[in-house]
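Quick notes on the structure that follows.
The values are calculated or read from the model by the stated rules, or taken from the named source; none is laboratory data. A quick note: this is a predicted structure, and the numbers were derived from the prediction, not measured. In this analysis, Cβ positions are derived from the backbone assuming ideal geometry, glycine residues included, and neighbour counts consider all displayed protein chains. Remember, those area values only see protein heavy atoms, side chains included, never the ligands or the DNA or RNA. Shrake-Rupley method; radii C 1.70, N 1.55, O 1.52, S 1.80 Å.
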There are 2 protein chains.
Amino acid sequence: MRILVTNDDGIHSPGLDALARIASELSGDVWVVAPEHDQSGVAHSLSLNDPLRLRQLGDRRFAVRGTPTDCVILAARHILDVPPDLVLSGVNRGHNLAEDVSYSGTVAGAIEGALLGVPAMALSQAYPRGTREQVSYDCAEAHGPAVISSVLEGGLRAGSVANINFPPVGPDEVEGVLATRQGRRSQWRAQVEGRNDGRGNPYFWLTFGHELGEPPRDTDLWAVRERFISVTPLSLDMTDERMLGSLSSVLRTR
Amino acid sequence: MRILVTNDDGIHSPGLDALARIASELSGDVWVVAPEHDQSGVAHSLSLNDPLRLRQLGDRRFAVRGTPTDCVILAARHILDVPPDLVLSGVNRGHNLAEDVSYSGTVAGAIEGALLGVPAMALSQAYPRGTREQVSYDCAEAHGPAVISSVLEGGLRAGSVANINFPPVGPDEVEGVLATRQGRRSQWRAQVEGRNDGRGNPYFWLTFGHELGEPPRDTDLWAVRERFISVTPLSLDMTDERMLGSLSSVLRTR
């Protein structure tokens, strides 16, 4: 089995090394192809306006000046020359819950794997507020191999991705593993902060408020807060089944 | 009604002007906030590592050095200071069908609008192969106002986006308007093309093969090929309902 490991935090991220170790506990060859630089928040971006550069760092280890999606494409089409048998993306520094999924480069790396037709999973490690510079991946490393094996045994549907989030606790404090729904935060969190540069010209940083409200019990948000490992099956088919019927009748009457 | 118009092709794109004209036929104030440069393929990217710059170009007309998602956030939090009542993204140069949806900055602009809690639609104009430099937006302009009004009358569910694609034909050659599913191409199309730079060092361009196979009749792919305007309701909740049950039982047994 050829296992492709990528991420969005970049080739130097300790979470990437944690995932390579997790992957090596499954039986197979581990190939690491990850971005040169931090690609957090790049979602399912493709580099269309810029060419990609590739740098080999060791045996089965490569850095790409591009996005996680670029990494998966370059791995399957050039480095491996064939699609891998499994794509693992992460372990992300910080959770990817609810609408984070849509912005996440980590989840997108797995989505590209699923488009490629192979089983694909995104792994993310939540951390307690204020500990961003010293995130521990112990929880992900201790439980990752068993969770991945379970999901593989259960069978990932073609065109689906498993979005796995580990709670911000030690390996022994985990309550269990739950299959969950993608949640939705109760408030739109994106904000902007205006500043002035050295010449007095304005610029803006995006900032994000903290989540509010009580998440439903079957969601990723609830599970991770309650110290469960959350596994959310995500479908690449975004068709809103419930809206399809009503839209049909409105459009037909014109 | 405040209508926010954005896109991913950038502030200088003729498709953006076409959408501003479409929006002005609805009753409301039209605000244009679009990227300075081409952002095709940036998906739902956020600028987290770089600050945003804003440039006012005229009355209710702004350019942002950032992504379509950045544009929507900056518009709602700073320029308008309140969420708009409708977000329209496009008219994209080229279709956004099947898995294009996941890479598209145009669709992402609408998704950010839906996260913001307002009705949001992405509009894209297909063009005949080989005519990329001279795309006509006549079809979108002729039918856009009526299609948008229909979708608004029918009611967009909160958290959903209408993905509208216009076929590559003149306004009078359109067969009708169909509510469709997001399709899936039969082959993974992403490829890489290796070249050498002036110093002999390799670099790679992403390329995309042409679609193959016969799309099912209820999909966006089929509708646009058959000269229909395609309206696909997309849900922001990507939970794979069918996989949730099977995953639950696998994880519980451990």
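Using a 7 Å projection from Cα along Cα-to-Cβ, the label point at A:Arg189 is separated from the same position in the remaining copies by 3.4 nm, smallest value first. Just checking the listed ones, A:Pro202, A:Pro68, A:Pro216: in the Gaussian network model of chain A with Cα springs under 10 Å, the one fluctuating most is A:Pro202.
Rounded to 0.05, the FRET efficiency of the A:Val169 and B:Met1 pair, given R0 = 45 Å and the Cβ-Cβ distance, is 0.40. When the alpha carbon coordinates of the range A:202-248 are projected onto the principal axes, the ranges are 43, 41, 21 Å, largest first.
Just checking the listed ones, A:Asp237, A:Asp85, A:Asp220: in the Gaussian network model of chain A with Cα springs under 10 Å, the one fluctuating most is A:Asp237.
The rotation axis taking chain B to chain A passes closest to this chain B residue's Cβ, listed with the gap in Å: B:Ala43, 2. For B:Gly209, the point set 7 Å out from Cα toward Cβ sits 4.8 nm from its twins in the other copies, listed from shortest up. Projected label points at A:Glu193 and B:Arg129, each 7 Å from Cα along the beta carbon direction, are separated by 5.0 nanometres. With coordinates expressed along the principal axes, the C-alpha atoms belonging to the range A:136-189 extend over 34, 32, 17 Å, beginning with the largest.
In square nanometres and to one decimal, what's the mean projected area of the convex hull around the Cα atoms of the range A:1-48?
Averaged projected area of the range A:1-48's Cα convex hull equals 3.8 nm².
For the range B:103-145, list log₁₀ I(q)/I(0) at each q in 0.22 Å⁻¹, using the Debye formula over Cα point scatterers of equal strength and ignoring solvent, two decimals each. Normalising to I(0) and taking log10 leaves -0.83.
Within the range B:109-199, the trypsin sites (Lys or Arg not before Pro) that combine a DSSP coil assignment with at most 13 other C-beta atoms in a 10 angstrom radius are B:Arg129, B:Arg199. Relative to its residue count, chain A spans a Cα convex hull of 186 Å³ per residue. The calculated FRET efficiency for the pair A:Asp50 and A:Glu226, based on their C-beta separation and a Förster distance of 30 Å, comes to about 0.10. Please give the FRET efficiency for A:Ser246 paired with A:Ser149, using the beta carbon to beta carbon distance and R0 = 56 Å, rounded to the nearest 0.05. About 0.85, to the nearest 0.05.
Summing +1 for each Lys or Arg and -1 for each Asp or Glu among the other residues whose beta-carbon sits under 11 angstrom from that of A:Asn96 gives -3. Translational diffusion coefficient of the protein assembly as shown (Stokes-Einstein, Kirkwood radius from Cα pairs, 20 °C, 1.002 mPa s): 93 µm²/s.
Buried area at the A:B interface is about 7600 square angstrom, summed over both chains, from accessible surfaces computed with a 1.4 angstrom probe. For B:Gly113, the shell of other residues with beta-carbons less than 14 Å away shows a net charge of -2, using +1 for Lys and Arg and -1 for Asp and Glu. Using every pair of distinct Cα positions in the range A:132-254, the Kirkwood expression returns a hydrodynamic radius of 18.1 angstrom.
For the range A:202-249, trypsin sites (Lys or Arg not before Pro) are listed when DSSP marks them as loop and at most 12 other Cβ atoms sit within 10 Å of their Cβ; the list is A:Arg217.
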